[in-house]
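The values are calculated or read from the model by the stated rules, or taken from the named source; none is laboratory data. All figures in this text were calculated on a predicted structure; none of them were measured in a lab. FYI the Cβ positions are ideal-geometry reconstructions off the backbone, even for glycines, and counts take in every protein chain you see. With ligands, DNA and RNA removed, areas are computed over all heavy atoms of the protein, side chains included. Shrake-Rupley method; radii C 1.70, N 1.55, O 1.52, S 1.80 Å.
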2 protein chains.
Amino acid sequence: MSDNNLDLALLYLQSVVTQIEVHLKRYLAISNPPLLYQAMQYALLGGGKRFRAALAFLGAYGEEELAIPAACAVEMVHAYSLIHDDLPCMDNDDFRRGKPSCHIAFGEAIALLAGDALLTKAFETVMELKNNSLMASLELAKAAGAAGMVGGQVMDLEAENKKLTPAELGTLHAKKTGALITVALKMGALSAKREKFLASLTVYGENIGLAFQITDDILDVEGKASTLGKTPGKDVILNKSTYTTLYGLEKAKQLAKEACVRAQKAAIGLPGEEILLGLASYILSRKS
Amino acid sequence: MSDNNLDLALLYLQSVVTQIEVHLKRYLAISNPPLLYQAMQYALLGGGKRFRAALAFLGAYGEEELAIPAACAVEMVHAYSLIHDDLPCMDNDDFRRGKPSCHIAFGEAIALLAGDALLTKAFETVMELKNNSLMASLELAKAAGAAGMVGGQVMDLEAENKKLTPAELGTLHAKKTGALITVALKMGALSAKREKFLASLTVYGENIGLAFQITDDILDVEGKASTLGKTPGKDVILNKSTYTTLYGLEKAKQLAKEACVRAQKAAIGLPGEEILLGLASYILSRKS
């Protein structure tokens, strides 16, 4: 792995951050009732690494404009999940990316509804795709719902104060974070009519999703609050099963590396190969 | 209006109640994580008038089997909205249809997520339509989201302790309840390729939606808890603008009747005309 690919990936991520904002703003132009749109904008705009949008674009590498609705839709789903996650009945987080959480800024009821509206808007948005809009919408629904992300969140709630098996931990994260990461890539590929790359992109997505989660657990142990943007050590306080509690720090690092290598193998020959390779390296080396 | 049409409509509603249950159960077969599916089933199955499902079927009258995914999807959206409505940060209702609310039975976090999963499942489900699946999904997203139902709920929250103008009250309810009622009819028509009836069904839906809301306000004043299944007088306690507070009881009754007549005019010549006529009468005369 050359540093060159890592640099390319970082440049790609940066360009996505600025480009996606314009489109997200367009989809959420203030309308009636203004308060609802303000809360939706507050949660969706002006923050985040736009990692999932970048994956949607990468799935359509070279024809990214075709994937704009998919990239925006997956960011809307991600933003809705964060609003609901932060609510008092869930993680009860008052801050998100250094700003007051949506329910602190707008109250719980409006935050709840802003999340609902963002999820609904995501489906309205993905249906705008020129190619394969129905298949992409269906994939998004499966990845975001009970069989995917929401199912993973329930498993996560059930896992507090309980020791999971390695298989259970794997399933939990494959659903909770992996499904949305993978569907971003798949929706991108579908939007550019690249059905033949779906299988490889799925393997790539599942493995960077896994690597992402393991490094998250490692950062919760090793990270500093200043670079992390959140308080480390939270998993231990909640007595949660993580890759580090289950495997130990060194073995967890090895598992992350192995997942990264599997992702990179799957990326060989795909459009945007160098960036996909660099992105996998970035996930492994990230500090926040 | 003959009593015959009213009887036909009641029979139709009854047959929908039993038929829809089978299909809803099929869409929500218990899977992993079981707790999530149990909460979704708890909120979706075994209750309700299935009024919205009946409208989806009526939009495809004579070819109702084509509209099954649409009928199930609109009931899922309705059930999700009730779960979130009942949460402590919203209406804080401990009971729904004589049973403990979903968050009382499963806890707030699981109830929140069950609502999210039902909304997501609704989109997965409507996409199964054989005809016009994309158009129907898009209509559902618009009707359920910020421009429709969720927008109406935000307007409703903002309307507490505030006197609305008649125009504001009309917009609030057109969004909050009218949009989903109308889209049920439209999705039904789309599923049977009856695009030519969309305009008439929209007028019908908007007006029975209005009549439904006005009679709701009237029942809140005149109704008995025993027949209503909920506590009457709640609107007054919350100091909400309603059709009865804004217009008085007699004028409200007249407005409901006028909306009913407009709906019935629009129904003339549509497939299932007699049932549509009877259903409008039923809405006007209902006691719960």
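Put a point 7 Å out from Cα along the line to Cβ at A:Asp7; what are the distances to that point in the other copies, in nm, shortest first?
Spacings between copies for this position, smallest first, are 8.5 nm.
Gaussian network model of chain B, Cα springs within a sub-10 Å range: biggest mean-square fluctuation belongs to which of B:Pro100, B:Pro33, B:Pro69?
B:Pro33
Sorted by accessible area with a 1.4 angstrom probe, largest first, how do B:Phe106, B:Phe57 fall?
Listed by decreasing accessible area, they come as B:Phe106, B:Phe57.
Excluding B:Ser15 itself, what net charge comes from residues whose Cβ is under 14 Å from its Cβ, given Lys and Arg +1 and Asp and Glu -1?
Its environment carries a net charge of -2.
How large is the accessible surface per residue of the range B:103-210, computed with a 1.4 Å probe and reported in Å² as a whole number?
Using a 1.4 Å probe on heavy atoms only, each residue of the range B:103-210 averages 32 Å².
Tell me, what is the FRET efficiency for A:Ser31 and B:Asn32 to the nearest 0.05, using R0 = 35 angstrom and their Cβ-Cβ distance as r?
Efficiency for this residue pair is about 0.35.
Once you have the alpha carbon radius of gyration of chain A, what is it after dividing by 2.2 N^0.38 Å, with N set to its residue count?
0.95
Count, for each residue of A:147-158, the Cβ atoms from other chains sitting within 10 Å of its Cβ, then give me the mean as a whole number.
Mean number of neighbouring Cβ atoms from other chains: 6.
In nm to one decimal, list the spacings between the B:Val203 label point and its equivalents in the other copies, with label points set 7 Å along Cα to Cβ, shortest first.
Result for B:Val203, in nm, nearest copy first: 6.0.
For B:Tyr80, what accessible surface area do you get with a 1.4 Å probe? Give it in Å², rounded to 10.
Accessible surface of B:Tyr80 is approximately 0 Å².
Can you pull out the trypsin sites (Lys or Arg not before Pro) in the range A:1-75 whose DSSP state is coil and whose Cβ has at most 15 other Cβ atoms within 10 Å?
Passing both the DSSP loop test and the Cβ count: A:Lys49.
Which of A:Phe123, A:Phe51, A:Phe95 moves most in a GNM of chain A, Cα contacts under 10 Å?
Greatest mean-square fluctuation among the candidates belongs to A:Phe95.
Residue by residue through the range A:130-138, what is 3J(HN,Hα) from phi via Karplus (6.51 cos²θ - 1.76 cosθ + 1.60, θ = phi - 60°)? Round to whole Hz and write x for glycine and proline.
Values, residue by residue: 5, 10, 6, 4, 5, 5, 5, 4, 5 Hz.
Using modelled backbone amide H atoms (1.01 Å from N, in-plane), which distant-in-sequence or interchain residues come within less than 5 Å of A:Phe95's amide H?
Answer set, sorted by chain and number: A:Ser101.
Quick one: compute the contact order of chain A, relative version, from alpha carbon pairs under 8 angstrom and 6+ residues apart, as a percent.
On the way: 458 pairs, mean separation 65.7, N = 288.
Taking the mean separation of contacting Cα pairs over the length of chain A, I get 23 percent.
What number, rounded to the nearest 500 deg cm²/dmol, is the helix-based mean residue ellipticity at 222 nm of chain B, given -39500 (n - 2.57) per DSSP H run of at least four residues and division by all its residues? Please list the in-between numbers first.
On the way: 16 runs with 201 residues, N = 288.
It comes out at -22000 deg cm²/dmol, rounded to the nearest 500.
Just tell me which aspartates and glutamates come within less than 19 Å, Cα to Cα, of B:Lys287; anything on the same chain fewer than 8 places away is out.
B:Asp3, B:Asp7, B:Asp216, B:Asp217, B:Asp220, B:Glu222, B:Asp235, B:Glu250, B:Glu258
If I build a Gaussian network model for chain A, linking alpha-carbon pairs within less than 10 angstrom, which residue out of A:Lys121, A:Lys142, A:Lys163 has the largest mean-square fluctuation?
Per the Cα network of chain A with a 10 Å cutoff, A:Lys163 tops the list.
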